[in-house]
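Take a look at the structure below.
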Amino acid sequence: MKTILLIEDNDMMRMFLIHYLGKDHQVYAVKNPQEAVEWLRGTSVDLIVSDYPANPVLGVQVRALRAAAESKRIPILMLTDQDKSEQRINAFQWGAKDCISKPFNPVELKMRVQINLPLMGTSAQAKLA
């Protein structure tokens, strides 16, 4: 089973995404990029799904997440606000592989998750090898 690390500060959205994505994947959740960096020191995942950070400090933390050796190769799918191209541009500059705007269609989210998951094995398996 593929694993996803969810970074979402909104409790209701986090619970929805855990439930929805958890039907097909093992989902772990943290509230911010700093927690994600700490969490990834001991565990590997196949995909990171992250809410766009609400303040600039968290944006710096997303860059740190991308730069950390533990997460350098893990694709990031960023959830951005609707019609905010600046957020999508920032997300790609920070190292996101893909973006989806909120509010999103859950089926589209599931498809984007599938597209962004590595095809061969899992990051967790690769770490054990």
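So which residues in region 23-52 are part of a loop (DSSP other than H, G, I, E, B) and surrounded by fewer than 15 Cβ atoms within 10 Å (Cβ to Cβ)?
23, 24, 41, 42, 43
Scan 78, 120, 13 and give me the residue that is under 24 Å from residue 1 (Cβ atoms) and modelled with pLDDT under 85.
One residue alone meets the criteria, 120.
Among the residues of region 72-91, write down those that are surrounded by 14 or more Cβ atoms within 10 Å (Cβ to Cβ) and in a helix (DSSP H, G or I).
87, 88, 90, 91
Quickly run through region 1-54 and pick out the residues that are among the β-branched types (Val, Ile, Thr), touching a residue at least 40 places away in the same chain (Cβ under 8 Å) and more than 18 Å from residue 118 (Cβ to Cβ).
Across region 1-54, the qualifying residue is only 7.
Please specify each residue of region 94-112 satisfying the condition of being in a loop (DSSP other than H, G, I, E, B), crowded, with 16+ Cβ neighbours inside 10 Å and not basic (Lys, Arg).
Residues satisfying the conditions are 94, 95, 96.
List every residue pair whose Cβ atoms lie under 8 Å apart, where the two residues are 6 or more positions apart in sequence or sit on different chains, the first residue falls within region 58-83 and is within 23 Å of residue 44 (Cβ to Cβ) and among the basic types (Lys, Arg), and the second residue, located anywhere, is crowded, with 19+ Cβ neighbours inside 10 Å and modelled with pLDDT under 70.
73/123
The values are calculated or read from the model by the stated rules, or taken from the named source; none is laboratory data. These numbers were taken from a predicted model, which means no experiment stands behind them. FYI the Cβ positions are ideal-geometry reconstructions off the backbone, even for glycines, and counts take in every protein chain you see.
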